Amino acid sequence: MRHIISILMENESGALSRVAGLFSARGYNIESLTVAPTEDASLSRMTLVTSGSDRVVEQITKQLNKLIDVVKLIDLVENEHIEREISLIKVRATGSGRDEITRLVEVFRARILDVTDTSYTIELTGSYGKIDAFLKAVPNDSIIEVVRSGVLGIARGEKGLRL
Amino acid sequence: MELSGADILVKALADEGVEFLFGYPGGAALHIYDALYRQDKVKHILARHEQGAGHAADGFARSSGKPGVVLVTSGPGVTNVVTPVATAHMDSIPMVIITAQVSSHLIGDDAFQEVDSIGITRPCVKHNFLVKDVRDLATTIKKAFYVATSGRPGPVVIDIPKDITADKAEYIYPKSINMRSYQPVIEGHPGQIRKAIQVLLSAKRPVIYSGGGIIASNCSDKLRELVRLLGYPCTNTLMGLGAYPATDPLFIGMLGMHGTYEANLTMHECDVMLCLGARFDDRVTGDTNKFSPYAKIIHVDIDPSSISKTISVDIPVVGSVDVILDEMIRQIKKSDRKPDTEALQKWWVQIDGWRKIDCMAYDRNSEIIKPQFVIEKLYEVTQGDAFVSSDVGQHQMFAAQHYKFDKPRRWINSGGLGTMGFGLPAAMGVQFAHPDATVACVTGEGSIQMCLQELSTCKQYDLPLTIVNLNNRYLGMVRQWQEFFYDRRYSNSYMDALPDLVKLAEGYGHIGIKIEEPSDVEGALKEALSDKSRLYFLDFITDQTENVYPMIGAGKGHHEMHLSPRSAGGDEERELA
């Protein structure tokens with residue numbers, strides 16, 4: 001099962017390598033990982049998407065908690081949550097294909113950021129699944145480049161992951 | 001007054017109560033070595049190799065309970081100390097390792113003697129710090145000692161660039177430290193403890209399986225109290241030997257791959273298992289699918305990630321085993337429910353039946369020296385009261401099986417990482433921690449050559465160790481596996497071209513004795529152990545064909561032991577299924 005683990009870490013150099021190293025050393029799988037500072041400059045927030053059996057994911061959260069720099073973490077999937085990912089997608093767009101892409105952009109509520117005679121660059125925000133769906137809908141041979149941010153997540157409701 | 005980073009470091013070590021600093025100098029560490037020269041509180045012990053320094057600090061820590069402290073230079077100093085750091089990490093030994101680094105402005109330039117020390121050590125430390133500003137140095141040292149010695153202990157590396165050791169700052173050493181990201185759980189959950197007691201007191205076939213956690217948290221007296229209160233059988237892991245006295249009738253021996261028949265069968269047949277400060281290591285469990293099929297398992301451990309990692313447990317209790325044992329003993333004493341004495345009696349009859357197999361029997365009439373015989377004699381001559389370090393291999397298992405440790409912190413070995421070369425430098429550290437104690441290093445001709453250079457350190461500091469070299473001219477454990485599992489193809493397990501170890505010992509300024517007759521074993525040991533002024537290297541020429549029994553092979557369960565041909569009922573090697 002897929003899990004989204006949100007981590008608050010001390011904003012120290014090497015924090016990212018501790019997490020990445022833990023995953024490679026123990027053979028855990030990372031689907032995506034995003035990291036950036038928070039409103040509190042001493043902390044950085046990491047969102048990590050992983051998958052595995054309940055037992056493996058339990059070990060992952062325990063091992064992450066064991067890292068000295070990890071202050072707090074939650075598995076967002078355990079409760080109601082929102083997830084978003086931003087993607088930038090460059091597609092080949094010529095002739096009648098241009099209209100088709102524009103239609104898809106409307107359907108998915110994406111935006112076109114850059115236009116050339118032969119291509120569009122599209123920004124699409126949504127859940128992981130929505131971006132996958134868009135990429136499936138676009139004719140495969142027209143995709144030039146896909147850049148995805150990795151998943152960001154936050155719990156629903158007024159409670160927040162903070163100190 | 002402002003002090004240099006080097007002076008701050010040395011002063012902080014003194015304020016932390018560090019008596020010995022095991023190390024080896026080099027370019028990036030020179031300011032620190034100069035600061036050491038200008039004071040006399042922290043004694044620096046010069047090893048002959050950074051690996052020796054690291055294991056010596058480790059032996060110091062294991063035998064004293066205080067953190068072991070190491071100082072090495074950058075680059076190769078760091079790479080050489082990685083093995084001791086990993087050794088300490090696997091066995092949860094508190095150490096603080098100070099690694100000098102090239103100057104800040106050179107970091108990342110592939111400078112002379114530069115390695116990414118933080119990166120290299122990251123997977124085998126509890127934590128590591130790179131000091132970027134001299135004003136952070138004192139606090140970082142405090143944090144390092146706090147992290148290394150609290151919770152589940154472990155090694156902590158502090159990497160200090162050379163310029164930081166020259167920069168100046170006010171010296172203020174914090175009295176205590178609080179880290180928001182690191183708050184080890186100490187108290188056990190009361191509900192879990194209550195549940196554990198209920199299950200424990202309902203047992204018909206109980207076992208108490210305890211490990212190095214008991215030793216780390218200095219509570220072997222409480223383990224003794226609990227075991228005796230309940231009258232349950234107790235087994236120790238390799239790391240836990242001495243936590244429960246080996247000569248006590250409730251002790252059923254070590255468990256695991258080379259554990260006793262009775263301990264392993266007790267584990268297999270038990271209906272309730274209380275695991276205290278042990279981690280269900282693969283050498284303990286054998287095949288996890290066959291592990292203790294009838295047991296309800298209670299697991300007490302300070303590290304939540306140890307719980308249900310390899311074996312799913314029924315009642316986890318996270319916290320310090322010391323504090324939790326206190327609470328368990330208190331609750332058992334006031335409980336109306338008492339252990340089921342009738343069931344327990346039957347259980348002990350069964351266990352005593354297994355004991356009769358005499359699983360560690362060997363040929364006592366052999367004309368060639370048997371390694372087990374040497375260990376038994378060592379036990380007798382030292383009256384069971386020595387500190388015994390070991391290297392890794394057959395001799396380690398023979399020592400673990402045949403030296404009956406009654407006290408904690410007496411058995412010093414590399415359990416988790418299995419580091420050959422550990423024994424001699426670790427014994428040095430033990431002798432520094434206990435200058436008047438008898439310290440023996442049980443080793444083999446393979447292991448001893450991995451850190452042999454430390455004989456020179458022993459000379460410099462007059463360490464009267466007794467080295468018990470079980471010399472079978474083979475890498476014995478490798479040879480044993482090749483005999484059992486590789487159709488006797490002894491690939492690279494024969495140590496050809498061995499040096500004359502007696503002459504080598506003499507060359508280092510020690511006394512060397514070669515012993516070839518069983519009748520000379522006791523005399524040699526007595527001679528060596530009665531002389532507290534010299535190091536004796538006893539080179540025992542032992543039987544080349546001896547194997548360690550019992551043995552649980554790969555993929556086997558506790559009930560599928562390979563028994564010695566000498567054990568009762570087994571005139572041939574046999575497997576019990």
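The values are calculated or read from the model by the stated rules, or taken from the named source; none is laboratory data. Remember, predicted model here, so these are calculated numbers, not experimental data. Heads up, the Cβs are rebuilt from the backbone with ideal geometry, glycines too, and the neighbour counts pull from every protein chain shown.
Restricting A:75, A:69, A:99 to those that are farther than 27 Å from residue B:313 by Cβ and either aromatic (Phe, Trp, Tyr) or modelled with pLDDT of 95 or more (or both) reduces the list to A:69. Is it true that some residue in the stretch A:96-111 is within 14 Å of another protein chain (Cβ to nearest Cβ) and either crowded, with 17+ Cβ neighbours inside 10 Å or touching a Leu at 6+ places or on another chain (Cβ under 7 Å) (or both)? Looking for residues that are within 14 Å of another protein chain (Cβ to nearest Cβ) and either crowded, with 17+ Cβ neighbours inside 10 Å or touching a Leu at 6+ places or on another chain (Cβ under 7 Å) (or both), one finds none in the stretch A:96-111, hence no.
The strands (runs of 3 or more DSSP E) found entirely in the stretch B:462-565 that carry 3 or more residues being at pLDDT 95 or above are B:466-471, B:511-515, B:536-541.
Within the stretch A:1-33, the set of residues being within 14 Å of chain B (Cβ to nearest Cβ), among the small types (Gly, Ala, Ser) and either in a loop (DSSP other than H, G, I, E, B) or touching a residue at least 24 places away in the same chain (Cβ under 8 Å) (or both) comprises A:13, A:14, A:15, A:27.
Here the helices (runs of 4 or more DSSP H) wholly within the stretch B:308-410 that include at least 3 residues being farther than 30 Å from residue B:201 by Cβ are B:371-381, B:394-402.
With respect to the conditions (1) in a strand (DSSP E or B); (2) within 14 Å of chain A (Cβ to nearest Cβ), residue B:280 lacks only one, and its number is (1). Select from the stretch B:81-121 the residues that are within 14 Å of chain A (Cβ to nearest Cβ) and in a helix (DSSP H, G or I) and list them in ascending order. Answer for the stretch B:81-121, where residues must be within 14 Å of chain A (Cβ to nearest Cβ) and in a helix (DSSP H, G or I): B:86, B:89, B:90, B:104, B:117, B:118, B:119, B:120, B:121.
Among the residues of the stretch A:38-92, how many are of a type outside the set (D, E, K, R), part of a helix (DSSP H, G or I) and within 17 Å of residue A:20 (Cα to Cα)? So the count comes out to 8.
None of B:287, B:248, B:303 is among the charged types (D, E, K, R) and within 14 Å of chain A (Cβ to nearest Cβ) except B:303. Selection within the stretch A:39-55: residues that are farther than 30 Å from residue A:137 by Cα, crowded, with 17+ Cβ neighbours inside 10 Å and of a type outside the set (Gly, Ala, Ser). The member of this set that is farthest from the chain's Cα centre (by Cα) is A:43. For residues that are surrounded by 14 or more Cβ atoms within 10 Å (Cβ to Cβ) and either assigned to a loop (DSSP other than H, G, I, E, B) or touching a Pro at 6+ places or on another chain (Cβ under 8 Å) (or both), scanning just the stretch B:165-183, find the one that is farthest from the other protein chains (Cβ to nearest Cβ). If we take residues in the stretch B:165-183 being surrounded by 14 or more Cβ atoms within 10 Å (Cβ to Cβ) and either assigned to a loop (DSSP other than H, G, I, E, B) or touching a Pro at 6+ places or on another chain (Cβ under 8 Å) (or both), then B:171 is farthest from the other protein chains (Cβ to nearest Cβ). Considering A:68, A:74, the condition of being within 14 Å of chain B (Cβ to nearest Cβ), surrounded by 18 or more Cβ atoms within 10 Å (Cβ to Cβ) and not charged (D, E, K, R) is satisfied by A:68 alone.
Is it the case that some residue within the stretch A:112-128 is of a type outside the set (A, V, I, L, M), assigned to a loop (DSSP other than H, G, I, E, B) and within 26 Å of residue A:30 (Cα to Cα)? The answer is yes, given that some residue of the stretch A:112-128 is of a type outside the set (A, V, I, L, M), assigned to a loop (DSSP other than H, G, I, E, B) and within 26 Å of residue A:30 (Cα to Cα). Selection of first residues in the stretch B:112-137 that are in contact (Cβ under 8 Å) with a residue 40 or more places away in the chain and of second residues that are basic (Lys, Arg), restricted to Cβ pairs under 8 Å at least 6 apart or on distinct chains, gives the following pairs, ordered by first then second residue: B:134/B:168. Just one of (1) within 14 Å of another protein chain (Cβ to nearest Cβ); (2) out of contact with any Asp or Glu (no Cβ under 7 Å at 6 or more places or on another chain); (3) buried (at least 19 other Cβ atoms within 10 Å of the Cβ) fails for residue B:318. It is (2).
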